[in-house]
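Below is one structure; the comments refer to it alone.
The values are calculated or read from the model by the stated rules, or taken from the named source; none is laboratory data. Just so it is clear, the model here is predicted, and its values are computed rather than measured. Every residue, glycine among them, receives a Cβ derived from its backbone with ideal geometry; neighbour counts consider all protein chains shown. The accessibility values were calculated without ligands, DNA or RNA, using every heavy atom of the protein model including side chains. Shrake-Rupley method; radii C 1.70, N 1.55, O 1.52, S 1.80 Å.
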Amino acid sequence: MSAASPASRGRLKLAALLLFLSLPVLVATVMALTRVGIPEGRTAHGELGPGVPSLAQWPLDAPVDEALAGDWVLAFDCRERCAERGDLWWRLHRALGREAPRVSRLRVGGSESALPGEVVAQWRERPDWAEGERLWLLDPRGLPVLGYAADVDPYAVKDDLGRLLRMNPEAPWQGGQELAGR
């Protein structure tokens, strides 16, 4: 019996290569059809759609819409430990790097002076939905996206905010605008 011809060895190598390259597609198809190995959980660390009205409807002592227009907003309620919490969110803001100009911070409450890039307002009357020292992430239109408890891990907030900024890139016509004070 003679050895396999070079043409049949070439075909065998090609078939093995095609099988090897199609294997990930086959595995992914089986995973998708059987729902095995696919995480069911959500990826946000905070409470999605926290049941908070838009920023324009917040009972604040002064309008803040103009100061925060077009930015993602980290709004936090501050009753006690305001200096510590303000510094924590200021550091998170700086950690965003080149995306930091797209985010503003709104501190509601406290008597400390504002940190750089922070807008300070006071409650006219504390609403029912503002229990505890919560943190909210608002979109550029002032609509709440995520809500966090007072003891939230700042790295979880940074992860969520970074993901939102990546998924919602800045509009090309806004790229050259000067963002004063941030």
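General observations
- Within segment 1-17, being hydrophobic (A, V, I, L, M, F, W, C), open to solvent by less than 70 Å² (accessible area, probe 1.4 Å) and over 50 Å from the mean Cα position of the chain (by Cα) holds for 4, 7.
- Test: residue in segment 130-153 that is under 16 Å from residue 68 (Cα atoms), of a type in the set (D, E, K, R) and open to solvent by 60 Å² or more (accessible area, probe 1.4 Å): yes
- Residues (touching an Asp or Glu at 6+ places or on another chain (Cβ under 9 Å), outside any loop (DSSP other than H, G, I, E, B) and small (Gly, Ala, Ser)) located in segment 78-116: 83, 86, 104
- Taken together, 67, 75 contain a single residue that is in contact (Cβ under 8 Å) with a residue 40 or more places away in the chain, open to solvent by less than 60 Å² (accessible area, probe 1.4 Å), touching a strand residue (DSSP E or B) at 6+ places or on another chain (Cβ under 9 Å) and part of a helix (DSSP H, G or I), which is 67.
- The set of residues in segment 23-60 that are at pLDDT below 80, more than 30 Å from residue 78 (Cα to Cα) and open to solvent by less than 80 Å² (accessible area, probe 1.4 Å) comprises 37, 38, 41.
- Test for residue 103: is it under 19 Å from the mean Cα position of the chain (by Cα), surrounded by 19 or more Cβ atoms within 10 Å (Cβ to Cβ) and either within 25 Å of residue 163 (Cβ to Cβ) or free of Cβ contacts under 8 Å to residues at least 40 places away in the same chain (or both): yes
- Top-ranked residue in segment 117-126 [being outside any strand (DSSP E or B) and open to solvent by less than 90 Å² (accessible area, probe 1.4 Å); ranked as nearest to residue 94 (Cα to Cα)]: 117
- In this structure, residue 77 does satisfy being under 14 Å from residue 137 (Cα atoms), among the acidic types (Asp, Glu) and at pLDDT 85 or above.
- Per-region count, segment 78-89, residues surrounded by 18 or more Cβ atoms within 10 Å (Cβ to Cβ) and either within 26 Å of residue 168 (Cα to Cα) or of a type in the set (Asp, Glu) (or both): 2
- Taking each residue of segment 43-59 that is polar (S, T, N, Q) and looking for partners that are open to solvent by less than 20 Å² (accessible area, probe 1.4 Å) with beta-carbon atoms closer than 9 Å, six or more apart or interchain, yields 43/160; 54/138; 54/142; 57/142.
- The lone exception for residue 20 - which of (1) surrounded by 10 or more Cβ atoms within 10 Å (Cβ to Cβ); (2) modelled with pLDDT of 85 or more it fails: (1)
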